[in-house]
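Here's the structure we're looking at; comments come further down.
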Amino acid sequence: MKRDVVRRGVMNDALAFMFSAGFAVSAVAQTCELPGGREIESARYVVAYRTKPESVRIGQHFAMDLVICPKVGEAAPENVRVDGFMPEHNHGMNYKAVVKPAGGGRYEVFGLMFHMPGKWDFIFEVRGGGKTDRITHSVILK
Amino acid sequence: MSDGGVTGLLRSLGTGHRPRIFVLGAVLTCLAPLGKTQDSAGVLLDLGDQERRLILQHGPWPQPWSPDPSNRVSGKPEAIALGERLFFDARLSSNGSVSCATCHVPERGWTDGRKLAVGMGEVDRNTPSLLNIRHNRWFGWDGANDTLWAQNVRPLLDAREMGLTEKRIAEFIRGDREYACRFGKTFGAPPAADDEAVVVAVGKALAAFQETLVTGRTAFDEFRDALARGDRAAASRYPAPAQRGLRIFVGKGNCNLCHFGPMFSHGEFHEIGIPVFKKSGGVDWGRYEGIKRLRASRFNLLGAYNDDPKRADGIATRHVALLPQTFEQFKVPGLRNVAATAPYMHNGHLATLPDVVRHYSEINLALLHVAHVYFDPLVPEAIPTDTLLKPLNLTQGEMADVAAFLATLTDPGSLKPRSVAADNSSCK
């Protein structure tokens, strides 16, 4: 599995961490539509996201369009938290992201900032049905 | 070997006398040192693609800048002139002898050369430079302010710095014919009846002036740009020790992770094992207390004095996180002109640049990773600190090289005496 490599803050779609769209769509509840972009999944959810701007720059705030689809038979998300963490430095962001529901499994995320170059983990914590799934996706900011 | 090199070899062969040292010298001169390329002007390290990419990230310089939207007089000539007069005016203090320039001395890189600043009294922190301050996101060692104009208000009202009150500042400005006139030309109206509004306006005029204080291009910038355009001859003029030091800076030193980009700072905060006990007593909690003061301030970007109706720049203030790891963190300063702004760290703890380099070379990890906070009065909680810093274990030569590199970030033109400009004449 390849990690995303961000060159000068630009995420390279050619190296995106992707699951086949067909597999993901058939696994999610019919009322939830995945838009494409980067997709990652846990046992109960499929997460797709796009950053805004598309090119994340070191030390610049960015936002995110997020879609979280429950897999068939799983509970819809009740609460979503998004964070960032540098596993090689053992520290996170200096900022707390705010997640705003936009309906239909869609969310807008504000206040993200990666202040250093290196490997960052996006962390998506999705709570639903009394359980919390923690989904991470690594990117490298150069 | 004054007669060494190829010339020496030919001469010695011709006379039949073969001083062996001349032959040896000729051979050594002709051999390119391992890992270096010989150019006509000097040597150039064989930098890899990664090294080159990382070095180029520290430019170009100067960086573009646009006026601060939260300050409606940012960039305006009248405000700059007013701010310059205020900056050098010692009447802007309770005893009439302390001005902004008392601590921010132009020929000292707009610092004062002291461990701890002294205004009306001694404070707990080292005077930061004002050069390039317009590129900052946060202001003060603890980032307690999110604009330069708000940061200007703080020392005016601090008993140990300028020692004034809002009332005294406002009365001084209103009562001085020159300042009252300049206020009208700058803000479109005489000083307001509201004292706090006048103080904020003073902060904004000072900020307009301070935004003009920038360093020019340095020897490093010439090297960086030569690399960018592939000009090996120009790049090889950069001193070899500085090249070696720069290689460490972007390589095994990992200095560039925090001292990132053209400003040589990512603009955020870090804990680096500097003692935090204050000379005046107690602990300097740094960024943790800074965030609390920021949130409580009437002058932050979320407040009424932000002149930008869109509040576009308030995102950092809106989302900044008060986290345990912010204890003992202080702002990562930019490194341009660093060789001219000793002593170093938030409390002037390290006297010289070699001391700073040695600090990172020999850093005590126990100081970094042991942080116990008493959220409960009886039970301490161990706060995880990050694991970025590790002792570099540099040799004496390597430490000297890093210091040599940092010295090439100096712009001598920015270190000249200065007072109110001659053409900053009376208001009419």
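Remarks
- Test: residue in region B:119-140 that is away from every other protein chain (no Cβ under 14 Å), over 26 Å from B:GLY348 (Cβ atoms), β-branched (Val, Ile, Thr) and in a loop (DSSP other than H, G, I, E, B): no
- Scanning region B:193-230 for residues that are under 25 Å from the mean Cα position of the chain (by Cα), basic (Lys, Arg) and not in a loop (DSSP other than H, G, I, E, B) yields B:LYS204, B:ARG224.
- Residues that are away from chain A (no Cβ under 14 Å), of a type outside the set (A, V, I, L, M, F, W, C) and assigned to a loop (DSSP other than H, G, I, E, B), drawn from region B:264-304: B:GLY273, B:PRO275, B:LYS278, B:LYS279, B:SER280, B:GLY281, B:GLY282, B:ASP284, B:SER297, B:ARG298, B:ASN300, B:GLY303
- Cβ-Cβ under 6 Å pairs, at least 6 apart or on other chains, region B:307-319 side under 21 Å from B:GLU268 (Cβ atoms) and away from every other protein chain (no Cβ under 13 Å), far side open to solvent by 60 Å² or more (accessible area, probe 1.4 Å) and part of a loop (DSSP other than H, G, I, E, B): none
- Restricted to region B:164-181, and to residues there that are over 18 Å from B:SER297 (Cα atoms) and of a type in the set (D, E, K, R), the residue that is surrounded by the most Cβ atoms within 10 Å (Cβ to Cβ) is B:ARG168.
- Residue match in region B:245-257 (condition: within 14 Å of another protein chain (Cβ to nearest Cβ) and at positive phi): yes
- From the list B:GLN57, B:GLN50, the one residue that fits, being surrounded by fewer than 20 Cβ atoms within 10 Å (Cβ to Cβ), in contact (Cβ under 8 Å) with a residue 12 or more places away in the chain, farther than 21 Å from B:ALA205 by Cα and not basic (Lys, Arg), is B:GLN57.
- In the set (1) over 27 Å from B:PRO64 (Cβ atoms); (2) at pLDDT 95 or above, B:LEU131 fails one condition alone, (1).
- Qualifying residue in region B:337-360 (condition: within 14 Å of chain A (Cβ to nearest Cβ), open to solvent by 10 Å² or more (accessible area, probe 1.4 Å) and free of Cβ contacts under 8 Å to residues at least 40 places away in the same chain): no
- Among the strands (runs of 3 or more DSSP E) confined to region A:41-139, the ones with at least 2 residues that are away from chain B (no Cβ under 11 Å) and in contact (Cβ under 8 Å) with a residue 60 or more places away in the chain are located at A:45-52, A:118-128.
- Single condition B:PHE327 does not satisfy, out of (1) within 14 Å of another protein chain (Cβ to nearest Cβ); (2) aromatic (Phe, Trp, Tyr); (3) over 23 Å from the mean Cα position of the chain (by Cα): (3)
- Looking across B:LYS428, B:LYS416, one residue alone is farther than 30 Å from B:ARG177 by Cα, part of a loop (DSSP other than H, G, I, E, B) and not aliphatic (A, V, I, L, M). It is B:LYS416.
- Residue in region B:364-387 that is at pLDDT 95 or above and assigned to a helix (DSSP H, G or I) present: no
- If the condition is being crowded, with 22+ Cβ neighbours inside 10 Å and among the hydrophobic types (A, V, I, L, M, F, W, C), then region B:131-163 contributes B:LEU131, B:TRP138, B:PHE139, B:TRP141, B:ALA144, B:LEU148, B:TRP149, B:ALA150, B:VAL153, B:LEU156, B:MET162.
The values are calculated or read from the model by the stated rules, or taken from the named source; none is laboratory data. These figures come from a predicted structure and were not determined experimentally. Every residue, glycine among them, receives a Cβ derived from its backbone with ideal geometry; neighbour counts consider all protein chains shown. Heads up: the accessible areas ignore ligands, DNA and RNA and are worked out on the full protein's heavy atoms, side chains in. Shrake-Rupley method; radii C 1.70, N 1.55, O 1.52, S 1.80 Å.
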